[in-house]
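**Q** One structure is given below, represented as structure tokens, and several questions about it will come after.
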Amino acid sequence: MSVDAATVRRIAHLARIAVSEGEVPHLQGELNAMLAFVEQLSEVNVEGVEPMTSVTPMQMKKRQDVVDDGGIADDIVANAPATEGHFFLVPKVVE
Amino acid sequence: MTDLTSLTLAEARKGLAAKNFTSLELTDAHLSAIEKARVLNAFVIETPDQARAMAREADSKIAKGDAGPLAGIPLGIKDLFATRGVRTTACSKILGNFVPTYESTVTSQLWRDGAVMLGKLNNDEFAMGSANETSCFGPVGNPWRREGSNTTLVPGGSSGGSASAVAALLCMGATATDTGGSIRQPAAFTATVGIKPTYGRCSRWGIVAFASSLDQAGPIARSVRDAAMLLRSMAGHDPKDTTSVDIPVPDYEAAIGKSVKGMKIGIPREYRLDGMPAEIEKLWSEGAAWLKAAGAELVEVSLPHTKYALPAYYIVAPAEASSNLARYDGVRYGLREQGKNIIELYENTRAEGFGAEVRRRVMIGTYVLSAGYYDAYYLRAQKVRTLIKKDFEDCFAKGVDAILTPATPSAAFGIGEKGGADPVEMYLNDIFTVTVNMAGLPGIAVPAGKDVQGLPLGLQLIGRPFDEETLFSLGEVIEQAAGRFTPARWW
């Protein structure tokens, strides 16, 4: 399988990465090189094989249903590019 | 007094205990070595004040007889580990001037045991790369050069800063992470020892995530013993990482020098690649001969799905990366580029903040997870992954204790020499290491010799899950036979 220019633009938008028209042919070539490389997986017989969900056979631990953290709003917003009090600021989302 | 930076970690620990020198002296010796080696670009931040404060504290604990196992030992920390109050960026512009308000579990355990932080080490952006060339802080120089040449070579990646700094005697050991070979490949390129432990052995909490089902932390050090000492402090259960395993951490150092007599070592025939350089082939046979001479038994084994590991990795890892890196949105931390609306803000921030390799991988990951392609790519790759793991399980079920392979298909290469036209050329560097991540197994790279140009080459040993001890025992045999390698100082 390979991707065309329209697909490259669609993927870029899904990935929320702005791509200029000039970058599309180059990206298309690179993505197609990667897709050509992974194409060899189609020759493997995976009939009846379970997809891997956990690399180590272990039961995922459940945490106790208790509050063990919190009250650190200052820390949470400490690295934000724009804040007001303990809120993150973004451009208007709802009209 | 000999140059304190040339000691191994084990030797330094003895010297500190015997009060031959203080941690402050040891730390100052390293800080001055770092200053003189800035051309290598191994450190992205030096923290001399913090280092000296930590060294003084270690000295007072040593004086009181209350020293931890790594008391006073100066280390470098890969910039993927969150360090409280010290800028952590994963060497990406998108994290900007991110200063964590918390400490990663692995580094907090090193400080608990008395280690001293010298600074943060360069790496490929978000650990995506095999040459440390994708860092937003620029490439790292390998302290090794070809005989008679002034060309600067790459130290490998993604833990290139860690490997370069350890090889150049700038720190006594370093933390690193390995998603497809990022500890073992740079270790092989710099004649250092690097171990990727079993998935779940070290907590991933506070380490910038790349591909969560593959990422593991581990040390890079100058000897097998030093690596064992570091891993003991780094490993252990952490309730904050649900994939970290709740089993006791053994005293890895006790495995050093243990007899390997009667151990069964698998030599996988699928790792004998067409067109493999004769010197890699020779190194591999030499390694096998050393283990045999130490009493191990060699058996040929088959891992039939080996060739599919790298393509499957280049679906699974980008898919997980596209998901993990969705958090870099210009809202909660790091870089923000303005846009007319929130979508444009995201798109502009991520276009400006991510480098070319990261953009490429996030896009491929987005594609293989998108509607209509998920089954053909992602689901199939996860099934192939099951088969890769089964290959190893079948092999271990036949009584094989460990598997010996080359660590890399070549020695270090020049900056800008690979992957310019085709990204896959660079990816092939990880052909021998990536299987281990796909199967969640432990793997160690140990220096074993040099190529005709005088560049170091390494061997890899792959072990059963949670049997790092066997790798340390076997790695020590190789180190004893091959000797240790130090680059001539040119910086």
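The values are calculated or read from the model by the stated rules, or taken from the named source; none is laboratory data. Here the structure is a predicted model, which means the values were calculated and not measured. Backbone-built Cβ (ideal geometry, glycine too); neighbour counts: all protein chains shown.
**Q** From B:E46, B:E57, B:E11, grab the single residue that is among the acidic types (D, E) and touching a residue at least 60 places away in the same chain (Cβ under 8 Å).
**A** On inspection, the qualifying residue turns out to be B:E46.
**Q** So, in the stretch A:28-69, of the ones that are more than 7 Å from every other protein chain (Cβ to nearest Cβ) and surrounded by 17 or more Cβ atoms within 10 Å (Cβ to Cβ), which residue ends up nearest to B:I247 (Cα to Cα)?
**A** A:L35
**Q** Filter the stretch B:161-183 for residues that are closer than 22 Å to B:S213 by Cα and among the small types (G, A, S); which is surrounded by the most Cβ atoms within 10 Å (Cβ to Cβ)?
**A** Checking each candidate, the answer is B:S182.
**Q** Another one. I'm checking my understanding of the structure. Among residues of the stretch B:403-415 that are small (G, A, S) and surrounded by 20 or more Cβ atoms within 10 Å (Cβ to Cβ), which one is farthest from B:P143 (Cα to Cα)?
**A** Once the filter is applied, the top-ranked residue is B:A407.
**Q** Then there's this: Closer than 30 Å to B:T88 by Cα and assigned to a helix (DSSP H, G or I): does that describe A:E39?
**A** No.
**Q** The conditions are (1) over 25 Å from the mean Cα position of the chain (by Cα); (2) surrounded by fewer than 18 Cβ atoms within 10 Å (Cβ to Cβ), and B:A356 fails exactly one of them. Which is it?
**A** Unmet for B:A356, out of (1) over 25 Å from the mean Cα position of the chain (by Cα); (2) surrounded by fewer than 18 Cβ atoms within 10 Å (Cβ to Cβ): (1).
**Q** In the stretch B:93-132, what residues are surrounded by fewer than 24 Cβ atoms within 10 Å (Cβ to Cβ) and among the charged types (D, E, K, R)?
**A** B:K93, B:E103, B:R112, B:D113
**Q** How about the stretch B:330-375: which of its residues are among the aliphatic types (A, V, I, L, M), under 25 Å from A:A80 (Cβ atoms) and part of a helix (DSSP H, G or I)?
**A** Within the stretch B:330-375, B:I342, B:I343, B:L345, B:A351, B:V358, B:V362 meet the criteria.
**Q** Now a separate question. If you go through the stretch A:9-26, how many residues are part of a helix (DSSP H, G or I) and either more than 7 Å from chain B (Cβ to nearest Cβ) or surrounded by fewer than 14 Cβ atoms within 10 Å (Cβ to Cβ) (or both)?
**A** Count: 9.
**Q** Also, quick follow-up: How do the pairs read when you match residues in the stretch B:338-367 that are at the interface with another protein chain (Cβ under 7 Å from one of its Cβ atoms) with residues anywhere that are small (G, A, S) and surrounded by fewer than 18 Cβ atoms within 10 Å (Cβ to Cβ), using Cβ under 7 Å and keeping only pairs 6 or more apart or on different chains?
**A** Between residues of the stretch B:338-367 that are at the interface with another protein chain (Cβ under 7 Å from one of its Cβ atoms) and residues that are small (G, A, S) and surrounded by fewer than 18 Cβ atoms within 10 Å (Cβ to Cβ), the close pairs are B:L345/B:G339; B:E347/B:G339; B:N348/B:G339.
**Q** Scanning for something assigned to a loop (DSSP other than H, G, I, E, B) and either among the aromatic types (F, W, Y) or under 21 Å from B:I315 (Cβ atoms) (or both), does the stretch A:74-91 turn up at least one residue?
**A** Scanning the stretch A:74-91, I find no residue that is assigned to a loop (DSSP other than H, G, I, E, B) and either among the aromatic types (F, W, Y) or under 21 Å from B:I315 (Cβ atoms) (or both), so the answer is no.
**Q** Of all residues in the stretch B:376-402 being more than 10 Å from chain A (Cβ to nearest Cβ) and in a helix (DSSP H, G or I), which is surrounded by the fewest Cβ atoms within 10 Å (Cβ to Cβ)?
**A** B:A397
**Q** Can you tell me which residue within the stretch B:420-429, out of those that are out of contact with any Ser or Thr (no Cβ under 6 Å at 6 or more places or on another chain) and buried (at least 20 other Cβ atoms within 10 Å of the Cβ), is nearest to B:D274 (Cα to Cα)?
**A** Narrowing the stretch B:420-429 to residues out of contact with any Ser or Thr (no Cβ under 6 Å at 6 or more places or on another chain): B:420-425, B:427-428.
From what's left, buried (at least 20 other Cβ atoms within 10 Å of the Cβ): B:423, B:427.
Numbers: B:P423: 21, B:Y427: 17 Å.
Among those residues, the one meeting the criterion is B:Y427.
**Q** Next question. Scan (1) in a helix (DSSP H, G or I); (2) over 24 Å from the mean Cα position of the chain (by Cα) for the single condition B:K258 breaks and write down its number.
**A** Unmet condition: (1).
**Q** Considering only the stretch A:57-71, I want to know if a residue exists there that is at pLDDT 95 or above, assigned to a loop (DSSP other than H, G, I, E, B), on the phi < 0 side of the Ramachandran plot and not polar (S, T, N, Q).
**A** Within the stretch A:57-71 (the criterion being at pLDDT 95 or above, assigned to a loop (DSSP other than H, G, I, E, B), on the phi < 0 side of the Ramachandran plot and not polar (S, T, N, Q)), the answer is no, since none of the residues qualifies.
**Q** If you take the residues in the stretch B:291-337 that are more than 9 Å from chain A (Cβ to nearest Cβ), under 20 Å from A:V19 (Cβ atoms) and more than 21 Å from the chain's Cα centre (by Cα), which one is surrounded by the fewest Cβ atoms within 10 Å (Cβ to Cβ)?
**A** B:S323
**Q** On to the next question. Say whether the condition of being within 14 Å of chain A (Cβ to nearest Cβ), more than 27 Å from B:A356 (Cα to Cα) and in a loop (DSSP other than H, G, I, E, B) is met by at least one residue in the stretch B:132-144.
**A** No, the stretch B:132-144 has no match at all.
**Q** Going through the stretch B:404-428 one residue at a time, which ones are within 19 Å of the chain's Cα centre (by Cα) and not hydroxyl-bearing (S, T, Y)?
**A** B:L404, B:P406, B:A407, B:P409, B:A411, B:A412, B:F413, B:M426, B:L428
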